[in-house]
Every structure is written in C-alpha cells, then in structure tokens.
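Enquirer: Shown below is the structure under consideration.
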Amino acid sequence: MKKLVRYIPFHLLLCLIAGILIEFYIGLWSYELYVFFVVQAIFFIVLIFTHLLKKQTSFKILVSLVFLLIGVFATYHSNPTYKKDYYLNFYEKDAGVVLKIFKKIKSNTFSSRYEALVERVGDNLTSGEVILSIQKDSLSDLPKINDLIVTTSLLQEVRSPLNPNQFDYKDYLNKKGIYHQIYLKSNDYKILEGSANSLQSLALSIREKIQKRLFEEKFLKDELAIINAILLGDRQHISQELTETYINAGAIHILAISGLHIGILYMLLLFFTKPLCYLNKGKLIQTVLVIVVLWMFAFLTGLATSVVRSVTMFSFVAFGELLKRENASEHSLISSMFFLLLIHPMFLFDVGFQLSYLAVFSIVYLQPIFFHVVVTPKNYFLRKGLELTSVSLAAQVGVLPLSLYYFHQFPSLFWLSNLLIVPFLGSILTFGFFIIILSLINYLPTLFVSLYSFIIKLMNVIVSWIGNQEFFVLKQISVSFLGIIVWYLCIISLYQFFKDKKAKWIIYFLSSILFIQIVSFKDTYENQETKEFIVFHKSRKSLVGIRENDSLKIIRKSDKQETIQKDKMLLSFMNGKAQTLVVESKDYSVLNIETKTVLFIDSLGVYPKKKLKETIVVLQHSPKINLSRFLEEVSPDQIVADGSNYKSYVKQWKETCKKGKTPFHYTGENGAYIMKY
C-alpha cells in the first residue's frame, strides 16, 4: 500500500478523479477548447520554470492542478448537451429525425429497445444519443445495428422514478449522456437505404451468426441463454427467475462477462502460450499474442462496454508483466484506470467499473493475507480450494460496502457458489470456444452438445440449490454513502495492521468500528423519527401505505397479502426505509392521520356533502363525479389521483383543479404522494 501511495500515476489518477467529480457536481468549466489549451500552455510554461528553479513543492502543486483541469475538461467535453450540434438545439415538433441504431439493449415483452445516435434533425447534422423503443410487430422487420431510420415522432424526456427508493433509470442514463427517448410503432418510422457498416456492426453480425448456429444445435433454452451470456456477452435471453437465482447465490458475476472471465481467459492464454517464452523474444511474442486474442474475444462479444473495459485492464496487466517491474499488477491497474477515465470520464459513475476495480485491487492486496492466515494444507486439491476461497473472500470483502449500498442484500453463501463453480469456469470457457468453432464449420458432434449442455445444466442446478437457501440471503440492508467511507477506512486499517503489525492500526480500526456504530445509530434514529402517509404509483391499481418508524403498513381492500409481500416496488421502497411490512385489509373510505383527514373516493363516486377541514382527497378507480361541484361542497386542501384512474379523467381533473386553485397531484406525473406528519 505504501509503495502504491508513492507511485506518481496514482497521485495523477486522484487528481483526474477530483476534476471529474468537480465538473460533474459543480460545473466548473464553460469555455471552448482553445481556452483549455491556452490555460494548459500557461501551466506548462510555469511548470518548466518551477522545475528549473527546483521549487519541488510548487512543481507538485502545479502538476496536480494540470491533471485536475484535464479531468474537468474531459468531463465537460463528454457532456453532449454542451456541444453546438447537440440535437436538442435544432429540434422542433414534427421535425424529421434521422437515427442510427448502434446498440441493442434489453427488450421487454412489448417492444425492442436500442441506443441510437441522432444523426440529423431536419437539414442539420447533429450529435447525441437517445433510447429508442419500437413496438414488436410480427408483420414488420425490426431495424438492425447500424441501420438508419427516419421518424417524426416526439422526443420524450426520460422520467424520474415515480416511487421513492426505486432504481433511478433517468440518473443512470444521464450519466451516459442520454436524456430523451422515442417510442415508435411499426408505421412511425422508415428504414433508409445505404446504411454504412462499422466495426461494431460487423462484430454483432458475426455474433448473430454464431447465435443462430448454436440455436440450430438444439441446446435447451436455459442452457443456450447461459452460453450466450458467458461466451458472447448477451444476457437478453436469460429468464428473470434464473437471474434472481444467480443473484441470491452470489454468482451473478458469472453471467456478465467481466474481469473474472477475462482474468480466467488471460491465465489460460498464458498457460497455452508458455512454450513461446523459450524462443528469442518469446515473452514479447506471447504478450502480443495474448493481447490480440483478448481483443478478438471482445470483438466476438460485440465490443460491449464492460468487456472492452476488462480487456483494456488486462492488456495493461500483460504489458506490466512483460516489463517485469516491481508491483507490476498494481501499477498496471492504476494505469489502465487512468487511461479509461481519460477517454471516458463518466465510467467513474458506472457501478460495473467501480465493482470491477475494487474487486481486482482487493484480490491483489487482501488475498495473500487471507491465504496465509490459516495453515496452508499440503494436499494439492485442499490448497487450491483454499486459494480459490481466499480469492473469492478477498473480492467480496473489497466490494461488500459498495455492493450493500447499491443492491441492499448480501448472499452469505457466495463462497460456496464460487468454490463450486469458478474452478469449472475455465473449462466452460475453453470448451465453449471449441463448441463455437465446430458449430461454425458444421462439424459439431451431438455428443459434444449433450456433454456441454449437461455441464451448463449442472451449474444451473448447483446455483439454484444455493440460491434457494433464502435463509442465508440477507436482504433489506441499508448503507449510507457516509457508511461506505467509514467501512472502507475499517478495511484499510485492518489490512495495514496485518502488514505492519503496529498498534496504531488497531487503534484506527477500533475507531472506525466506533464511527460505523455512530453512523448506523444516526441513520436508524433519522429513520425512526419519520412518519409518512404515502399514495404509491401503481399502474391500474391503488396502493396506499403508512410508514411509522421502521414499519410500513399497506392499507387495501383486497386480502391478497402474498402478492403485496413480493411486490418489487414495495421491497425496493423498504430498503433503508422500513424493516417490516404489514398488510391491513379493510373497507376504508376515511383515514384520520394526526390533524389531517384523508378521504378516498372510488368508482362508486360516494362522498360526504359537507365542508371538511384539512382534507386530502384520493381519487381511485376513475370515479364519475362532478369535480367542480365537489370542490365547492367539500373544499379539500389537496386532490390526489393515483395510477388506477383513466388518463382522460386525470386530464380533466387537472384542468378543473387549476381553475378552482386547488393543488392537484397525479402520481403518474409527479410520483408518489408523500405527506409527512
């Protein structure tokens, strides 16, 4: 760790990250490219003079400022909205928009979804990306990667989540520079002729050819989905049930091509190309060959972003090993991270990027400690099992605080799934490549298909068994951002103690444990002091809840508790908000909450015809009432319409409330209605 701190590129990386964060959250830069070069030129001139005058402190400060400014400008430049040719600068209603399909993303039952470049608006050449959803229609062909399509459909802003604590898809897309989406039916667009080819479209066409050949080999549905995920980086065909099983087993990383797969492939390539090292300049030949094969694999997966990141990481590691320098692995990781953030600064906010680098750094630093904590067994298989377990444990410890922050659950049997599956992943990858090659040349024996299907099926069975042990899956765990920082201070101090054996690190470790307890107490106290009445947004349904302390009580007229207990939206809300979920079934029409009265009006349209003080009215299931007369008779403080109402009714109610100057809240536009008391 001390050697890493002394590594100069590590300091430059920290400055670069600081610049990215400053520009993203504050927006420091607002100037053209030439201003950046002028400022940098001034910095470099001053740097030369400070170096010649041997002003080391000033020199270091200026170098830090240079790289901080590089981070600021790289982030500014990566934001498409600052560009003069950004499509929104030219967009008008009914304007013809030309889109270029460049990536297919996970579709749903009703539509195929893509990321698309906005090539032209009207007669103007433009830049920027949008999400494109095209309704599935068996009578029409869907566009392919690199196709150009033209449409006049409206751009729509990506919406924020309508319920609290839901995954913020808008924020996720905004960090990728995407702010709008377009919904199309088959007759809303036209595919243009003469679409140009690209490297990515070529890669995807090869992948589609491989997928078609594998489909013809009669692999079963789940086995074929796993093969597509592990070998080709396509997870679109994996069922939700199978995905959740892998999540509960702590093995979801196996389904997404990441640093684990590329690392295993890298080790396999080093093993098979080891004889080259005996040749003149054999080590250089081996390194170049390994890197070329890694990038060929990335090409095979359609140049997916996560794969490109991992291959870049191990390309730097391969060159670092070639140079045979001390701490080559750590320095290579730092260099690859610096390079990736310089090219694409928004990777910093990508969860996959964060978890990948944390996992690899944790393995490099923590695995040797975990491996040597116990007596190393002489038996080869026990030793390898211990080594694999220590690798899995090191990676899990490194990503645990961040994983809890994002996903709110901890699969405690992760070590078992990794111990049983990861050793075979190398064989699955190697055997899989042979399967692909043989299928492409139409020489794949049925025995190979049966054997490979059996291996994949066995892996699914093992994962399913582990994932179904729900008692060992700890859920609804909440960690705040401050909690993440304190947890990592705890891990670092404990690591330093095992390395240095100095008492001060134990003091730091115990202090960090104390801070963890303080942060946990603070979060718990704030949570218990909160009381809320909530009208959730649920399409075509009504869902009302009262949250007090760490309990969420759902009040409904139906007694289908099983459905509510497994509702993903409610489970998402409860992460960090509540520990227990209670369902109360009763035929309610009025709720008294502190000084407020909540009046519910459903499809029957029945309500008391008298003035009600401090009243909130919740309209459910499209009641047929004269809202103007209702406002005069009752004079409510607030009208709330939930997702169970017809949109045409909601539109009329909104206009009526506007005329009557009564606050109106529609959960389908404004999100869940929350009243604190």
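The values are calculated or read from the model by the stated rules, or taken from the named source; none is laboratory data. Quick caveat, the model's predicted, so the values are computed rather than measured. Glycine gets a Cβ as well: all are built from the backbone with ideal geometry, and neighbour counts include every protein chain shown.
Enquirer: Test of understanding: among 400, 425, 451, 447, which residue is modelled with pLDDT of 80 or more, under 30 Å from residue 351 (Cβ atoms) and either of a type outside the set (Phe, Trp, Tyr) or not assigned by TED's automatic domain parsing to the domain that holds residue 487 (or both)? If you could, list the steps in order and put the result at the bottom.
Expert: On the way: 425 fails: modelled with pLDDT of 80 or more; 451 fails: under 30 Å from residue 351 (Cβ atoms); 447 fails: under 30 Å from residue 351 (Cβ atoms).
None of the other options fit; the residue is 400.
Enquirer: For the subset of region 407-438 comprising residues that are buried (at least 19 other Cβ atoms within 10 Å of the Cβ) and touching a Gly at 6+ places or on another chain (Cβ under 9 Å), which member is nearest to residue 167 (Cα to Cα)?
Expert: 408
Enquirer: Could you check how many residues of region 299-320 are under 20 Å from the mean Cα position of the chain (by Cα) and either in a helix (DSSP H, G or I) or on the phi > 0 side of the Ramachandran plot (or both)?
Expert: Step one: list which residues in region 299-320 are under 20 Å from the mean Cα position of the chain (by Cα), which gives 301-313.
Narrowing further to those that are either in a helix (DSSP H, G or I) or on the phi > 0 side of the Ramachandran plot (or both): 302-303, 305-313.
Counting residues in region 299-320 that are under 20 Å from the mean Cα position of the chain (by Cα) and either in a helix (DSSP H, G or I) or on the phi > 0 side of the Ramachandran plot (or both) gives 11.
Enquirer: Same structure, new question: Give the residue that is surrounded by the most Cβ atoms within 10 Å (Cβ to Cβ), with candidates limited to residues of region 597-649 that are in contact with a His (Cβ under 8 Å, 6 or more places away or on another chain) and not in a loop (DSSP other than H, G, I, E, B). Outline the logic, then answer.
Expert: So the first thing to find is which residues in region 597-649 are in contact with a His (Cβ under 8 Å, 6 or more places away or on another chain), and the list is 602-603, 638-645.
Then keep just the ones that are not in a loop (DSSP other than H, G, I, E, B); that gives 638-641.
Details: 638: 18, 639: 24, 640: 23, 641: 28.
Taking the candidates together, the pick is 641.
Enquirer: Quick check on my filter: what residues within region 263-321 are closer than 15 Å to residue 231 by Cβ and loosely packed, with under 14 Cβ neighbours inside 10 Å?
Expert: 296
Enquirer: Here is a follow-up. Kindly establish whether residue 239 is touching a residue at least 40 places away in the same chain (Cβ under 8 Å) and among the polar types (S, T, N, Q).
Expert: On the way: touching a residue at least 40 places away in the same chain (Cβ under 8 Å): no; among the polar types (S, T, N, Q): yes.
Judged against the criteria, residue 239 is not a match.
Enquirer: Can you find even one residue in region 475-483 that is within 26 Å of residue 241 (Cβ to Cβ), in a helix (DSSP H, G or I) and not acidic (Asp, Glu)?
Expert: Scanning region 475-483 turns up no residue that is within 26 Å of residue 241 (Cβ to Cβ), in a helix (DSSP H, G or I) and not acidic (Asp, Glu).
Enquirer: When you go through 453, 520, 512, 493 one by one, which is the residue that is in a helix (DSSP H, G or I) and in contact (Cβ under 8 Å) with a residue 60 or more places away in the chain? Can you show your working first?
Expert: Numbers: 520 fails: in contact (Cβ under 8 Å) with a residue 60 or more places away in the chain; 512 fails: in contact (Cβ under 8 Å) with a residue 60 or more places away in the chain; 493 fails: in contact (Cβ under 8 Å) with a residue 60 or more places away in the chain.
Answer to the check: 453.
Enquirer: Here's a follow-up. Any chance region 212-229 includes a residue that's surrounded by 15 or more Cβ atoms within 10 Å (Cβ to Cβ), assigned by TED's automatic domain parsing to the domain that holds residue 311 and of a type in the set (Lys, Arg)? It would help to see each step written out before you state the result.
Expert: Within region 212-229, the first condition is being surrounded by 15 or more Cβ atoms within 10 Å (Cβ to Cβ), and the residues that meet it are 213-214, 217, 219, 222-229.
Those still in the list that are assigned by TED's automatic domain parsing to the domain that holds residue 311 too: 213-214, 217, 219, 222-229.
From what's left, of a type in the set (Lys, Arg): 213.
Within region 212-229, one or more residues are surrounded by 15 or more Cβ atoms within 10 Å (Cβ to Cβ), assigned by TED's automatic domain parsing to the domain that holds residue 311 and of a type in the set (Lys, Arg).
Enquirer: It is to be established whether one or more residues within region 468-479 are surrounded by 15 or more Cβ atoms within 10 Å (Cβ to Cβ) and either over 21 Å from residue 403 (Cα atoms) or modelled with pLDDT of 85 or more (or both).
Expert: No, region 468-479 contains no residue that is surrounded by 15 or more Cβ atoms within 10 Å (Cβ to Cβ) and either over 21 Å from residue 403 (Cα atoms) or modelled with pLDDT of 85 or more (or both).
Enquirer: For region 659-675, which positions are within 26 Å of residue 164 (Cα to Cα) and assigned to a helix (DSSP H, G or I)? Quick ask: steps written out before the conclusion?
Expert: Taking region 659-675 and keeping what is within 26 Å of residue 164 (Cα to Cα), we get 662-675.
Selection gives 667, 668, 669, 670.
Enquirer: Determine if region 114-133 includes at least one residue that is among the hydroxyl-bearing types (Ser, Thr, Tyr), modelled with pLDDT under 85 and either assigned to a loop (DSSP other than H, G, I, E, B) or farther than 30 Å from residue 7 by Cβ (or both).
Expert: Within region 114-133, the subset among the hydroxyl-bearing types (Ser, Thr, Tyr) is 114, 126-127, 133.
Restricting the remaining residues to those that are modelled with pLDDT under 85 gives none.
No.
Enquirer: Oh, and also: Just to be sure before I move on: is residue 564 of a type in the set (Val, Ile, Thr), under 20 Å from residue 542 (Cα atoms) and in a helix (DSSP H, G or I) in the structure I sent? Talk me through it step by step, then tell me what you get.
Expert: Values: of a type in the set (Val, Ile, Thr): yes; under 20 Å from residue 542 (Cα atoms): yes; in a helix (DSSP H, G or I): yes.
For residue 564, the condition - of a type in the set (Val, Ile, Thr), under 20 Å from residue 542 (Cα atoms) and in a helix (DSSP H, G or I) - is met.
Enquirer: Continuing with this model, one more query. Can you tell me which of 92, 129 is of a type in the set (Asp, Glu), buried (at least 17 other Cβ atoms within 10 Å of the Cβ) and assigned by TED's automatic domain parsing to the domain that holds residue 170? Give the derivation first.
Expert: Details: 92 fails: buried (at least 17 other Cβ atoms within 10 Å of the Cβ).
One residue alone meets the criteria, 129.
Enquirer: Which of the numbered conditions does residue 554 fail, given that it passes all the others? Conditions: (1) in a helix (DSSP H, G or I); (2) crowded, with 19+ Cβ neighbours inside 10 Å.
Expert: Result: residue 554 fails condition (1) only.
Enquirer: Of 509, 515, 498, 536, which residue is in the same structural domain as residue 644 (by TED's automatic domain parsing) and farther than 26 Å from residue 252 by Cβ? So that I can check it myself, show each step before the final result.
Expert: Values: 509 fails: in the same structural domain as residue 644 (by TED's automatic domain parsing); 515 fails: in the same structural domain as residue 644 (by TED's automatic domain parsing); 498 fails: in the same structural domain as residue 644 (by TED's automatic domain parsing).
Exactly one residue qualifies, and that residue is 536.
Enquirer: I'm trying to understand the selection: among the residues of region 91-113, which are under 28 Å from the mean Cα position of the chain (by Cα) and assigned to a strand (DSSP E or B)?
Expert: Within region 91-113, 99, 100, 101, 102, 103, 104, 105, 111, 112, 113 qualify.
Enquirer: Surrounded by 16 or more Cβ atoms within 10 Å (Cβ to Cβ), touching a helix residue (DSSP H, G or I) at 6+ places or on another chain (Cβ under 8 Å) and part of a helix (DSSP H, G or I): which single residue out of 404, 340 fits that description? Lay out the reasoning, then the answer.
Expert: On the way: 404 fails: touching a helix residue (DSSP H, G or I) at 6+ places or on another chain (Cβ under 8 Å).
Answer to the check: 340.
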